[in-house]
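The values are calculated or read from the model by the stated rules, or taken from the named source; none is laboratory data. Because the structure is a prediction, the values reported are computed rather than measured. Quick reminder, even Gly has a Cβ in these numbers, built from the backbone with ideal geometry, and neighbours come from all protein chains shown. Ligands, DNA and RNA are stripped out before the accessible areas are found, and what is left, the full protein with its side chains, is counted by its heavy atoms. Shrake-Rupley method; radii C 1.70, N 1.55, O 1.52, S 1.80 Å.
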Amino acid sequence: MKHVSKSVREYVTVIKRDMQIKVIAGRAGITIGLLIAASAVGYLFRTMGLPETDTAIVYLLAVLLTARFTNGYVFGFLASLLAAFFFNYLFMEPYFTFSANTHSYLITFIIMLITALITSTLTTHARHNAIKAREKEAETKALYTLTNRLMDAADIHDIAGIATSTISEMLGSNVGCLCFDENGKPEQTFIQQISPKKQIRREIPDADALVHRIGGLRTGYDIGTEFYEWPIYGREMMLGIIRVPKEVARAINASQTRMLHAMVESTALAMDRFRATQQRQKSNEVIVQERYRGNLLRAISHDLRTPLAGIMGTAEMVMNMTAKDDRRYPLMTAIYKDADWLHSLVENILSLTRLQDGKLVLHKQQEAVEEVVGAAIRHVSRHHPEYEITVKVPEELLVVSMDAKLIGQVLINLLGNAVKHTKPQDEISVSVTKDADTNCAVFSVCDRGEGIAADDLPNIFQMFYTSKIKHSNERPGIGLGLAICDAAVKAHGGSITACNRTDGPGAAFTFTLPLEVNDYESE
């Protein structure tokens, strides 16, 4: 393979050298031809008896035409020099010698030289400007075509195929394109152009090594064993790699390099736009699903509230009418507790959906912390009289701006969670302190249960997440209580955390509420 590449390079070098020789020979022929034509016209003028100045003007015209039809300054300068010599040798006395009787020869030579330089400069600039204009036109047309084709791409691989085809056509080579997935990982195959109408997929032996090699680049390219790799960068991560064969990459000129960069950027924009559209569609689907789920939960909860309230009321009435030693009393008690559990579940679902939709209006008022905590403990003790809950609040009156009903529900949920994981004889405590540094009221609910599993800690406040620890004597939760606590506390501008106790077994839940709230936040 190396010998073949060397032979190709040598062949290309010979072709370029032959072309340069032909170009130089052609320009030299133009120069000599114009000077010979000028000399013939000069002889004609002399036979007609015209003055020598007319012949000088003819040579001057030959110099102008030489500068016009050849590139650069070399042939224009050479034409002016030869024109001066020809004019002196052929048309100035004594004829056919390189001597002159007057100083007109020197003046003629200087004028022809200046004219040649000026004309060469003007024509060279004009020619360069024309070449640049044509290059810009070709670049604009190519980019416009690429952009139009990318707009119609169906997916990321379609974008890669279009970019591969267009860049291959521009460079006259079999370019490839490697795509990355949504997680920024390279695919195991890449697209490569093998003919103007056909593309194939080739495997990559070690895609991770390729990405590691290119990972440090932000501009430019990387040189691999077979390709020059141009990374395609999006706004957040790498989207792909344009792969140009090494032989072609070494030979591309500045204009092609500029075009390649522009096409890579256009491809990056198209891929980025497609990824953003995909992400937006997924987000919209999630929003729609959440809306449907919320509507369904609200509908079910509303339909269950009325019959549950009737079951609870009837069960309580029958319990009051039945002696405790009657065999039917435990049945009524079980019915009441089950109905009460379902009622609490329904209320949690309604509260959570209202919080998520932003439809739950906070009715904040200045509330005494001791009263809110006392009401929550009375509610829990009424359903779990076998548990003793320790309370510690500041001696001075602590008033916090809050929605008392919602914060009471937070405390009830946390205490219910503590009861679920703690034995009746073990400690459950509620404490409230004032943090002067952060100007917050700090609420803590602690227990002496088995604590929180390490796997549960990062997810414990997520909706519908339940602990992996099973309790045979308790109903399994559905993961809404702590999610409601998190949403309610954050709606008040506070924060909530959970951790295992350091002074022994058990868990501790702590949430904060700001002591000062602006008027517009309280409304």
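In a reduced charge model with +1 at each Lys and Arg Cβ and -1 at each Asp and Glu Cβ, segment 142-228 shows a dipole moment near 260 debye about its Cα centre. Under a Cβ-Cβ cut-off of 9 Å, what is the net charge of the residues other than G42 that fall near it, where Lys and Arg count +1 and Asp and Glu count -1? Local net charge: -1.
When each of the peptides 254-261, 509-516 is scored by the mean number of other C-beta atoms lying within 10 Å of its residues, the order from highest to lowest reads 509-516, 254-261. Placing a label point 7 Å from the Cα of A28 along the Cα-to-Cβ direction, the residues of segment 52-78 with a backbone N closer than 14 Å are 75, 78.
About its Cα centre, the dipole of the chain is roughly 2860 debye, where the only charges are +1 on Lys and Arg Cβ and -1 on Asp and Glu Cβ. Can you tell me how segment 277-408 classifies by the Cα gyration tensor, rounded, prolate or oblate, using a/c under 1.5 as the rounded cut? Oblate is the answer for segment 277-408, as a/c is 1.5 or above yet b/c matches or exceeds a/b.
Within the shell defined by Cβ-Cβ distances under 15 Å, the residues around F69 carry a net charge of +3, with Lys and Arg each +1 and Asp and Glu each -1. Between segment 166-198 and segment 261-339, the C-alpha centres lie 47 angstrom from each other.
Exceedance of the 27 Å cut-off in Cα-Cα distance is limited, within the set K198/K246; K337/K434; K405/K490, to K337/K434. Surface composition of segment 373-454: carbon and sulfur atoms hold 51% of the protein heavy-atom accessible area at a 1.4 Å probe. Where only DSSP H runs of four or more residues are counted, the chain gives -20500 deg cm²/dmol as its mean residue ellipticity at 222 nm, each run worth -39500 (n - 2.57).
Model label sites at T124 and R235, defined 7 Å from Cα along the beta-carbon direction, differ in position by 4.8 nm. Here the chain carries DSSP beta bridges of which approximately 90% are antiparallel, counting only pairs with both residues inside. Note on A491/A154: beta-carbon distance plugged into 1/(1 + (r/R0)^6) with R0 of 45 Å gives a FRET efficiency of 0.55.
Sorted on the mean count of surrounding Cβ atoms within 10 Å across their residues, most packed first, peptides 318-326, 444-452 read 444-452, 318-326. Charge dipole (Cα centre; +1 on Lys/Arg Cβ, -1 on Asp/Glu Cβ; no other charges) of segment 315-428 amounts to roughly 400 debye. Selection among N295, A268, P245 by position relative to the dipole of segment 209-298 gives N295 as farthest towards the positive end (Cβ unit charges, Cα centre).
Summarising the label geometry, the points placed 7 Å from Cα in the beta-carbon direction at I36 and R280 lie 7.1 nm from one another.
Computed with a 1.4 Å probe over protein heavy atoms only, the accessible surface of the chain comes to 59 Å² per residue.
Placing unit charges on the Cβ atoms of the charged side chains and taking the dipole of the chain about its Cα centre, the candidate lying farthest along the positive direction among V432, I118, L34 is L34. Distance between the 7 Å Cα→Cβ label points at D206 and T225: 0.8 nm. Give the label of the value calculated from the structure for Rg/Rh (Cα atoms, Kirkwood Rh), choosing from (1) 1.38; (2) 0.99; (3) 1.17. Read-out from the structure maps to (1). Look at the Cα gyration tensor of segment 251-303: its axes a ≥ b ≥ c give a/c of at least 1.5 with a/b over b/c, and that counts as prolate. Please work out the FRET efficiency for the pair I111 and F69, using the Cβ-Cβ distance as r and a Förster radius of 25 Å; give the result to the nearest 0.05. Once the sixth-power term is evaluated, E becomes 0.75. For segment 402-456, the Kirkwood estimate of hydrodynamic radius, built from reciprocal distances between every pair of different alpha carbons, is 12.8 Å.
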